Amino acid sequence: MLHGMIDIGSNTIRMAIYEIEERHVDMLMKKKHTVGLASYLKDGVMQQSGIDKTVEILQEFRSFLESFRIREITAFTTAALRNARNSREAVAEISQRTGIPIQIISGDEEAELDFIGATHDLSEDSGILVDIGGASTEIVLFHERRIEKKTSLPMGSLMFHSEYSSHILPTSEECANMRLEAGRILEGAHGFRDVLHPQICGIGGTFKGAAALYNAVFSMENANVLMELSKMRELIRKFQWNHGLGTREIAFLMKNVPERMHTLLPGLVIADVLAEKFSCASIVYSDSGVREGYIYDRIMGSPVSVIPKESEGR
C-alpha cells in the first residue's frame, strides 16, 4: 500500500510517500515547502495569507498524489495552527478548499508520536527525546521504552527568530536573550526539574540541520549523527551575526542549511539550554519522528506504552 503523509508544521509543510506492507515501512520520497507558517500568526490569529499559502501547497500535494492514484492520505497539523485562536476555523477552511481532512495533533499527542517514531529503531531503552519545531518544543523522558514524562513547551526556532533576531542570523546579545527566555519557559516544566541524562536524542529539522552543519564544519562523515555539546556551542558562537562571518562560514551555511539559515541558531540555543539543564554532554540525531510514529501507532496499530503518571502540561 502506498500512503501519503502530510505534516503541516510551524516552519515547513512536508509530504512523504511511504510503502507500507504488513510490518514493514519504507519511505519512498518526500517533498517540502519552507513556509514559516508561525510567522503568519498575528496577535494569536492565523492570517488569511497563511491559510491561502497552506491551501496552495496542499493542492499541489493532492495533484501529485492523484497523478499516481495514491488514495490513502493522512494530513495533520501541529503547533502553528494548533495554537492559533482561530485554529478550528482555519483548519476547516483549508480542509474544505483542498478536500483533504486535517487532524489537529495536540502537544501531548505530538510528543507521544515523536517518541514512537524515534525509538522504533533506537538501541537505547532509556533517555530524553527532544523535537524543536518552529513554534513548540516537545520533550519526552522515557525508561525501558516507556514514556515517564512528556511536555510541549511554547518555544521554537522560528518563534525565537521572529521575536529576537534583527538579521538573518542573531547577534550574541540576541542569542543571550533567547537563552534567558528558553530557561524561563523550561522552568515552567516542573516535572523535568530534576531530570539528568548524559545524552539527548534529537529529532526534526533543527537537529537535522545541526547535524549537517556540524559534520561540514568539523569534517565528519555525512552519516555521523553524534554531536558533542562543546562543539555545538562552538557552532553557535561561530555563526552569530556580529562574529565577523567570513566567506568560508557563509559558504558552510548556504551549502548545508540553505532553508534553515535563519532558524538554525535559535534552535541550537534552545537545544543548548535543554542540554545544560539535563547535564547532557552530547546529542544524537534520529531521522524518524512524528510522521513515522503516526504510521506505527495509528496505521499499523503498535500502541505507545505510557507509564500512568500525570503528563506535564505547558
Inset, instruction - At most 11 other Cβ atoms within 10 Å and a DSSP loop assignment: could you name the GluC sites (Glu not before Pro) in the range 208-266 that fit? - result: GLU221
Legend entry - Cleavage-rule hits (chymotrypsin sites (Phe, Trp or Tyr not before Pro)) in the range 53-150: DSSP loop, at most 15 neighbouring Cβ within 10 angstrom: PHE68
Inset, instruction - Report the equivalent ellipsoid semi-axes for the range 43-102 in whole Å, largest first, defined as the square roots of five times the eigenvalues of the gyration tensor built from alpha carbon atoms. - result: 23, 11, 8
Inset, instruction - Among the lysines, select those whose C-alpha is under 23 Å from the C-alpha of LYS149, and discard any that sit fewer than 8 residues away in the same chain. - result: LYS277, LYS309
Legend entry - At least 27 Å along the helix axis (C-alpha) and Kyte average at least -0.5, DSSP helices within the chain: 48-67
Legend entry - Unit Cα scatterers, Debye sum, the chain: log10 I(q)/I(0) for q = 0.06, 0.09, 0.10 Å⁻¹: -0.19, -0.43, -0.54
Legend entry - Calculated P(r) tail over 19 Å for the range 108-292, as whole % of Cα pairs: 54
Inset, instruction - Any aspartates and glutamates with Cα under 16 Å of the LYS208 Cα? List them, leaving off those in the same chain fewer than 8 positions away. - result: ASP114, ASP131, GLU138, GLU221, GLU228, GLU259, ASP272, ASP287, GLU292
Inset, instruction - Pull out a ≥ b ≥ c, the square roots of the eigenvalues of the alpha-carbon gyration tensor of the range 215-262, then state rounded if a/c is under 1.5, prolate if not and a/b is larger than b/c, and oblate in the remaining case. - result: oblate
Inset, instruction - Work out, step by step, the length gained on full extension between SER166 and SER49: first 0.36 nm times the residue separation, then minus their alpha carbon distance; give nm to one decimal. - result: 39.8 nm
Inset, instruction - Measure out, as a whole number of angstrom, how far apart the alpha-carbon centroids of the range 163-232 and the range 255-276 sit. - result: 5
Inset, instruction - Quickly estimate the mean residue ellipticity at 222 nm for the chain, helices only: each DSSP H run with n ≥ 4 gives -39500 (n - 2.57), and the total goes over all residues, rounded to 500. - result: -12000 deg cm²/dmol
Inset, instruction - When a/c is below 1.5 the answer is rounded, else prolate if a/b is larger than b/c, else oblate, so apply that to the range 158-264 with a ≥ b ≥ c taken from the square roots of the Cα gyration tensor eigenvalues. - result: oblate
Inset, instruction - First check a/c for the range 22-128, with a ≥ b ≥ c the square roots of the eigenvalues of its C-alpha gyration tensor; if it is under 1.5, answer rounded, and if not, answer prolate when a/b is larger than b/c or oblate otherwise. - result: oblate
Inset, instruction - For the range 46-101, run through the trypsin sites (Lys or Arg not before Pro) and keep only the ones in DSSP coil with at most 16 other Cβ atoms within 10 Å of their Cβ. - result: ARG69, ARG71, ARG85
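Any read-out appearing in this document is the output of simple, stated calculations on the displayed coordinates, not a laboratory observation. Owing to the predicted nature of the structure, the values given are computational and were not obtained by experimental measurement. Positions of Cβ are backbone-derived with ideal geometry, glycine not excepted, and every protein chain shown enters the neighbour counts.
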